[in-house]
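J.: First, the structure itself, so that you have it in front of you.
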């Protein structure tokens, strides 16, 4: 009999954490980070794994954010569509998007 991995199991046999992680990894995220050391500094990005991406920012793995680490997750927005997530990230990085973000987040 072949051993079954956690990902091959039906969702109802998996732990709640694994099921939740599987659901979360089916989304695309646009996120806004805020520097803990320099709170007026923000960074907007896109990912499909928030936890790993925040970890990478805080380890200095991204040249755009390495100077102002550590970062905290200020806001995030989940999308089923990768195209819509990318378009929203692009909007938030535009002039009107930055102003919208400043006013509302």
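The values are calculated or read from the model by the stated rules, or taken from the named source; none is laboratory data. Because the structure is a prediction, the values reported are computed rather than measured. So basically every Cβ, Gly included, is an ideal-geometry build from the backbone, and we count neighbours across all protein chains shown.
J.: Go through the range 71-94 and count every residue that is within 17 Å of residue 40 (Cα to Cα) and either at pLDDT below 95 or under 13 Å from the mean Cα position of the chain (by Cα) (or both).
T.: The qualifying residues number 5.
J.: Just a yes or no: is a residue in the range 1-16 modelled with pLDDT under 90, outside any loop (DSSP other than H, G, I, E, B) and touching a helix residue (DSSP H, G or I) at 6+ places or on another chain (Cβ under 7 Å)?
T.: Within the range 1-16 (the criterion being modelled with pLDDT under 90, outside any loop (DSSP other than H, G, I, E, B) and touching a helix residue (DSSP H, G or I) at 6+ places or on another chain (Cβ under 7 Å)), the answer is yes, since at least one residue qualifies.
J.: Identify, please: which residue in the range 22-48 is surrounded by 14 or more Cβ atoms within 10 Å (Cβ to Cβ) and farther than 19 Å from residue 91 by Cα and is, among those, modelled with the highest pLDDT?
T.: Checking each candidate, the answer is 35.
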